[in-house]
Amino acid sequence: MSAILVSALLGAAAVQASPSLFGRQSITALSTTQIDSYTPYTYYASAGYCTAAQTLAWDCGTNCEANPTFKPVASGGNGDSVQYWYVGYDPTLDTVIVSHQGTDPDEILPLVTDADFFLTSLDTTLFPGISSSIEVHNGFRDAQADTATDVLAAVESAMSNYSTTTVTMTGHSLGAAIAVLDSVYLPLHLPTGTTFKTIVYGLPRVGNQDFANYADANIHLTHINHEEDPIPICPGRFLGFVHASGEVHIEDSGEWANCPGQDNPSTQCIVGDVPNIFDGDLSDHDGPYNGVEMGC
């Protein structure tokens, strides 16, 4: 990591850690019932790390056994140049599930801290009608584009086969970023009246202020962060990146804090708890999220 980047990250820390009375007053704790309601999606996100063959057969050990009624429809990716993904239907939740593979913490960290990424507009073919002022991380954009049309076709098939109008996107780490971009992409191509929900884990910042504002207005987003995971505070806000609302932060005490607003600076939330990457702990990135460790 360059000295300039380290200096910039440290400089950004003062901004990210600034206190907010509004933020502190607005924090609420999730109940055990609310926490448990996320668990099926946590396992779906974790299953994103499994091979395409495993998820298509729905034979991936604990991750698959946790949601035994799931009906896989399609899967893809190679786990290398293209992240694994799968699509299917959960009859218990009555929703199509779209899940994307994450990546090793030691691999995602350079992706969100090195100086060779940049903000760029979304592809107008995949994202028709989206303003050019909405910009996202170029690496995340390219990763989502690699699977976009295949995922769309699979979702359309699942919705038709199982007569459902509900779609839920999930993923962890890089998979979370791809899922958030899917959350912008899929509604542009699926029928009016489709209901969407996005539940992701260890989400890095995906885009700029206009992207965060668009997400707040158009995505039902929950992004869950575990303790001192440094990935969610990257890329830095000093580079123009902003988190959309919807954070839930798992604190060291075990409490799950609902953190309203964009980049809530309360010390109960990730921005205040991890003011810079040097205060983070990469071992927190994979969880556990209510007992679930990410990985296949």
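About the Cα centre, and with charges only on the beta carbon of Lys, Arg (+1) and Asp, Glu (-1), how big is the dipole of the chain? Nearest 20 debye, please. Don't skip to the answer; put the middle values down first.
Working: 6 positive and 34 negative charges, 168 e Å.
Using only the charged Cβ atoms, the result is roughly 800 debye.
Of T164, T103, T95, which has the largest mean-square fluctuation in a 10 Å C-alpha GNM of the chain?
It is T164.
Suppose only helical runs count, i.e. DSSP H with n ≥ 4. What mean residue ellipticity at 222 nm does that imply for the chain under -39500 (n - 2.57) per run, divided by all residues and rounded to the nearest 500 deg cm²/dmol?
Roughly -10000 deg cm²/dmol at 222 nm, from the helical runs in the chain.
With a 1.4 Å probe and every protein chain left in place, work out the accessible area per residue of the chain in Å², rounded to a whole number. List each step's numbers first, then the result.
Values: 11410 Å² over 296 residues.
With all protein chains present, the chain gives 39 Å² per residue.
Along the charge dipole of region 158-233, Cβ charges K/R +1 and D/E -1, which of S173, F196, I233 sits furthest on the positive end?
It is F196.
For the chain, report the translational diffusion coefficient in µm²/s to the nearest whole number, using Stokes-Einstein at 10 °C, 1.306 mPa s, and a Kirkwood Rh over Cα pairs.
Values: Rh = 18.9 Å.
Approximately 84 µm²/s, per Stokes-Einstein.
Quick check on region 183-288: what does the Kirkwood estimate of hydrodynamic radius come out to from the alpha carbon pairs, in Å?
Numbers: mean 1/r = 0.0708 Å⁻¹.
Evaluated on region 183-288, it is 14.1 Å.
Non-local amide H neighbours of F196 (under 5 Å, H modeled in plane, Pro and chain starts lacking H): which ones?
Those lying under 5 Å, H to H, from F196 are V167.
Taking amide H positions as placed 1.01 Å from N in the peptide plane, with prolines and chain starts having none, which residues 5 or more places from G79, or on another chain, fall under 5 Å of its amide H?
Y84
Using θ = phi - 60° and the Karplus curve 6.51 cos²θ - 1.76 cosθ + 1.60, what whole-Hz ³J(HN,Hα) does each residue of region 94-107 get, with Gly and Pro shown as x?
Calculated HN-Hα couplings, in order: 6, 8, 6, 10, 10, 10, 10, 5, x, 8, 4, x, 5, 8 Hz.
With the contact rule set at Cα under 8 Å and sequence spacing of 6 or more, what percent relative contact order holds for the chain? Spell out each step's value before the answer.
Values: 658 pairs, mean separation 66.3, N = 296.
Relative contact order comes out at 22 percent.
Would you grab the residues whose amide H sits under 5 Å from the one on L203? Only those 5+ places off in sequence or on another chain, please, with H modelled 1.01 Å from N.
For L203, the qualifying residues are S173, I224.
Over the Cα atoms of region 63-123, each weighted equally, I'd like the Debye log10 I(q)/I(0) at q = 0.14, 0.25 Å⁻¹, rounded to two decimals.
-0.61, -1.06
Report the dimensions of region 44-92 along its three principal axes from the alpha-carbon atoms, largest first, rounded to Å.
Computed over the Cα atoms, the extents are 33, 19, 16 Å.
Is the shape of region 212-252 rounded, prolate or oblate, going by the alpha carbon gyration tensor and its root eigenvalues a ≥ b ≥ c, with a/c under 1.5 for rounded and a/b larger than b/c for prolate?
oblate
Whole-Hz ³J(HN,Hα) for each residue in region 65-78, computed from phi via Karplus 6.51 cos²θ - 1.76 cosθ + 1.60 with θ = phi - 60°, x for glycine and proline: what do you get?
Per residue, the Karplus-derived 3J(HN,Hα) values read 4, 5, 10, x, 8, 4, 10, x, 10, 7, 8, x, x, 10 Hz.
So which cysteines of the chain have no other cysteine's Cβ under 4.7 Å from theirs?
So far as the 4.7 Å Cβ criterion goes, C234 stand without a partner in the chain.
Can you give the alpha-carbon Rg of region 23-119 over 2.2 N^0.38 Å, where N counts its residues?
1.31
The values are calculated or read from the model by the stated rules, or taken from the named source; none is laboratory data. Being a predicted model, the structure only gives us computed values, none of them experimental. Heads up, the Cβs are rebuilt from the backbone with ideal geometry, glycines too, and the neighbour counts pull from every protein chain shown. For accessibility, only protein heavy atoms count, side chains too; no ligands or nucleic acids. Shrake-Rupley method; radii C 1.70, N 1.55, O 1.52, S 1.80 Å.
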